[in-house]
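Note sheet for the following structure.
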Amino acid sequence: MAAARVRFNESLREATQRKLQKFSELRGKPVGTGEFWDVVVLTAADEKQELAYQQQLSEKLKRKELPLGVQYHVFVDPAGSKIGNGGSTLCALRCLEKLYEDKWNSFTILLIHSGGYSQRLPNASVLGKIFTALPFGNPIYQMLELKLAMYIDFPSHMNPGIVVTCADDIELYSIGEFEYIRFDKPGFTALAHPSSLTVGTMHGVFVLDAFNDLKHRDLEYRCCYRFLHKPSIEKMHQLNAVCRPGNFCDQDFARGDAAYLHLDSEYVYTDSLFYMDHNSAKKLLAFYEEVDSLNCEIDAYGDFLQALGPGATMEYTKNVSNVTKEESELLDVKQKIFHLLKGTSLNVVVLNNSKFYHIGTTEEYLFHLTSDSSLKLELGLQSVAFSILSYIPEHSSKTSCIIHSVLDAGCSVAPGSVVEYSRLGPGVSIGENCIISSSSIVSDAVVPAHCFLCSLSLKVNGHLKYSAMAFGVQDSLKNNVKTLLDIKFLQFFGVSFLSCLEIWNLKVTEELFSGSKTQFSLWTARIYPVCSSMSESVTTSLKMVNAVKNNSSFNLSSYQLVSIEEMLIYKDVEDMIAYREKIFQEISLIKNKLHLEIS
């Protein structure tokens, strides 16, 4: 078993490093026809996010961190109702049509869904999930560069059309030396990864046509009878989605967000990205032009892919409980999409030697960057990436991870914690399993274990201010209650939120929360002080956390307070990018100086 696992990881490592090297050779250089994507599109939830993405793309192109001669676009969702990644896909098609008219029918296009605010990993909310930093590269890679690298072989082996993917997952795969993933069939083509049945309940699952070959290969082209979206284990069995072991004698199946499957386990094939040819894209665009605007959430996987294949039924379109006016429209739109796409083929590229990693929650983020030895091996992740620090991190099964940061002598970061885009002064101590992002901690501060800490630059009434969000990494910012009387059921660092408000001398009123007054959560709670400097904002937020940890009082009533929701509304993108650039210049200067001294 151990030998099989090593071979499996080693083949992924070699395949991944080849793609990274190929992408590295294209960075900062004009690309030839067919060598790379014609168009790369990022979706954004609102104009503020659109501005942040455009500014970061501009910086990357200026520093020659991306291939040149490619059209990079940010398309923002229309204001109003949330339209989901399916609605964003339709909106992006309309934008492409307006920009390029008939020319885009010959383009290879990568569409990365990066809109929305990650309430489960808020440091990704600050400047966008697709710009999440990863601990390797010089300068460091972000999710955007990794996506472009992992898909580096696609454009030269695909017909005109669009590859649709999400910003917070990583697909690693290994296939034969002279094999390529081809997107050259009409309709839709999706990648499929072997996964446990438990993982299948959280993803899309393919019901594939019968497989007649005696032995499975790393790369297989299959036809899909029907697609199931987040099915129950019972439904997977009932609809023949479950595969049983037999032919796989020397391979483990794995998915990065689940434990290794045993060789005697049942498994299913789950989704990641998909391709649609230009004709299918035009069909969806015509539908969007006809409805004119959407006022409901459409899922690109659940609503597009479930309509495909000969076994597709309308059953899923009726999965709308507690029908309201908006949900009535959702039911109607789902059924129209089903009739529009019914009869369209769904081809599946089965990648039997592959992994899918999801990095969309604080738990996943910490695990994959500090503890997951498989991902470290396959992707070449480092414990210290483009950073300056005077101590050597511990080497064990769980390490700390320092990204794009400067750590002075005398500070320490416990195993299991991630520090990114930050400056830690002497005497600063970071506890275990913390996420410290975009923060300046001057000196002699103790950050308790399991703490999330992230500072933002804000533009408040025309003035530059700062505020730092702080909470427990296991706290749920999405959990909400309907009435103020139920505030006690919210948890902050494992303590009743009502008790926390008493500690901070804050009264329970509707004014304590931003946004809609129909539900209340940590995301909308106005509990974070607005300060005149980044270091002051971090210090103050740490004081409020430590007051809760020590059950001692800390008066917040005299501060101007904002919620995390408001931080993202008021955020000053230019100042945050400038702060990261300042750290970049400092690290580069010190590294160059050290290089000269050594040489």
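The values are calculated or read from the model by the stated rules, or taken from the named source; none is laboratory data. All of these numbers come straight from a predicted model, not from anything done at the bench. FYI the Cβ positions are ideal-geometry reconstructions off the backbone, even for glycines, and counts take in every protein chain you see. Just the protein is used for accessible areas: all its heavy atoms, side chains included, with ligands, DNA and RNA removed. Shrake-Rupley method; radii C 1.70, N 1.55, O 1.52, S 1.80 Å.
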Quick check on my filter: what residues within the range 186-197 are open to solvent by less than 10 Å² (accessible area, probe 1.4 Å) and outside any strand (DSSP E or B)? G187
For the range 453-479 the number of residues that are surrounded by fewer than 24 Cβ atoms within 10 Å (Cβ to Cβ), under 16 Å from V545 (Cα atoms) and of a type in the set (A, V, I, L, M, F, W, C) is 1
Given (1) surrounded by fewer than 21 Cβ atoms within 10 Å (Cβ to Cβ); (2) at pLDDT 95 or above, index of the condition F183 fails: (1)
In the range 29-76, residue surrounded by the fewest Cβ atoms within 10 Å (Cβ to Cβ) [restricted to those that are part of a strand (DSSP E or B) and without any contact (Cβ under 8 Å) to a residue 60 or more places away in the chain]: P30
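Going by the conditions given, is Y151 open to solvent by 10 Å² or more (accessible area, probe 1.4 Å) and among the hydroxyl-bearing types (S, T, Y)? Show your work before the answer.
Numbers: open to solvent by 10 Å² or more (accessible area, probe 1.4 Å): no; among the hydroxyl-bearing types (S, T, Y): yes.
Taking the combined requirement at face value, the residue does not satisfy it.
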Residues that are under 23 Å from Y365 (Cα atoms) and among the polar types (S, T, N, Q), at least 1 per element: which helices (runs of 4 or more DSSP H) completely within the range 79-183 meet that? 84-100, 123-127
Among residues of the range 362-375, those that are modelled with pLDDT under 95 and in contact with a Leu (Cβ under 9 Å, 6 or more places away or on another chain), counted: 3
Does the range 317-340 hold any residues that are hydrophobic (A, V, I, L, M, F, W, C), out of contact with any Gly (no Cβ under 9 Å at 6 or more places or on another chain) and at pLDDT 95 or above, and which are they? F338, L340
Considering residues that are open to solvent by 20 Å² or more (accessible area, probe 1.4 Å) and of a type in the set (A, V, I, L, M), the number found within the range 198-231 is 4
Complete set of residues in the range 133-148 that are surrounded by 20 or more Cβ atoms within 10 Å (Cβ to Cβ) and at pLDDT 95 or above: A133, L134, P135, Y141, Q142, M143, L144, E145, L146, K147, L148
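Does K355 satisfy the condition of being surrounded by 23 or more Cβ atoms within 10 Å (Cβ to Cβ), farther than 30 Å from E581 by Cβ and touching a residue at least 12 places away in the same chain (Cβ under 8 Å)?
Numbers: surrounded by 23 or more Cβ atoms within 10 Å (Cβ to Cβ): yes; farther than 30 Å from E581 by Cβ: yes; touching a residue at least 12 places away in the same chain (Cβ under 8 Å): yes.
Yes, satisfied.
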All but one of (1) under 25 Å from the mean Cα position of the chain (by Cα); (2) surrounded by 17 or more Cβ atoms within 10 Å (Cβ to Cβ); (3) farther than 23 Å from P529 by Cα; (4) not small (G, A, S) hold for V419, so report the exception by its number. (3)
Selection status of N105, in contact with a helix residue (DSSP H, G or I) (Cβ under 6 Å, 6 or more places away or on another chain) and in the same structural domain as A281 (by the TED database): yes
Output the number of the condition that I170 fails; it satisfies all remaining conditions of (1) in contact (Cβ under 8 Å) with a residue 24 or more places away in the chain; (2) over 25 Å from I359 (Cβ atoms). (2)
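Are there any strands (runs of 3 or more DSSP E) wholly within the range 368-475 with 3 or more residues that are touching a Ser or Thr at 6+ places or on another chain (Cβ under 9 Å), among the small types (G, A, S) and farther than 18 Å from A578 by Cα, and if so which?
Strands (runs of 3 or more DSSP E) meeting the threshold: none at all.
So, in the range 499-514, how many residues would count as being of a type outside the set (K, R), open to solvent by 10 Å² or more (accessible area, probe 1.4 Å) and assigned to a loop (DSSP other than H, G, I, E, B)? Lay out the reasoning, then the answer.
Just the residues of the range 499-514 that are of a type outside the set (K, R), to begin with: 499-506, 508-514.
Of the ones still in play, those that are also open to solvent by 10 Å² or more (accessible area, probe 1.4 Å) are 499, 502-503, 505-506, 508-512.
Narrowing further to those that are assigned to a loop (DSSP other than H, G, I, E, B): 505-506, 508-509.
Selection size over the range 499-514: 4.
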Any residue in the range 473-495 that is more than 12 Å from L522 (Cβ to Cβ) and assigned by the TED database to the domain that holds E565 sitting within a Cβ distance under 6 Å of a residue that is open to solvent by 30 Å² or more (accessible area, probe 1.4 Å) and of a type outside the set (S, T, N, Q)? List the pairs, counting only those 6 or more apart or interchain. V473/H450; L484/V508; K488/L498
Counting only residues that are more than 14 Å from E59 (Cα to Cα) and touching a residue at least 40 places away in the same chain (Cβ under 8 Å), how many does the range 577-593 have? 5
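Tell me whether the range 115-129 contains one or more residues that are under 20 Å from W37 (Cα atoms), buried (at least 21 other Cβ atoms within 10 Å of the Cβ), in contact (Cβ under 8 Å) with a residue 40 or more places away in the chain and not aliphatic (A, V, I, L, M). Working first, answer last.
To start, the set of residues in the range 115-129 that are under 20 Å from W37 (Cα atoms) comprises none.
There is no residue in the range 115-129 that is under 20 Å from W37 (Cα atoms), buried (at least 21 other Cβ atoms within 10 Å of the Cβ), in contact (Cβ under 8 Å) with a residue 40 or more places away in the chain and not aliphatic (A, V, I, L, M).
So that you can scan it fast, the table gives a plain yes or no per residue for (1) small (G, A, S); (2) in contact with a His (Cβ under 6 Å, 6 or more places away or on another chain); (3) not assigned by the TED database to the domain that holds C95; (4) not in a helix (DSSP H, G or I):
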residue	(1), (2), (3), (4)
Y288	no, no, no, no
N295	no, no, no, yes
I337	no, no, no, no
G343	yes, no, no, yes
E363	no, no, yes, no
L366	no, no, yes, no
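Could you run through the range 549-559 and say how many residues are open to solvent by 10 Å² or more (accessible area, probe 1.4 Å) and either touching a residue at least 40 places away in the same chain (Cβ under 8 Å) or assigned by the TED database to the domain that holds P122 (or both)? Let's see the steps before the verdict.
If we filter the range 549-559 for residues that are open to solvent by 10 Å² or more (accessible area, probe 1.4 Å), which is where we start, we get 549-555, 557-559.
Still in the running and either touching a residue at least 40 places away in the same chain (Cβ under 8 Å) or assigned by the TED database to the domain that holds P122 (or both): 549, 551-555, 557.
Residues in the range 549-559 being open to solvent by 10 Å² or more (accessible area, probe 1.4 Å) and either touching a residue at least 40 places away in the same chain (Cβ under 8 Å) or assigned by the TED database to the domain that holds P122 (or both): 7 in total.
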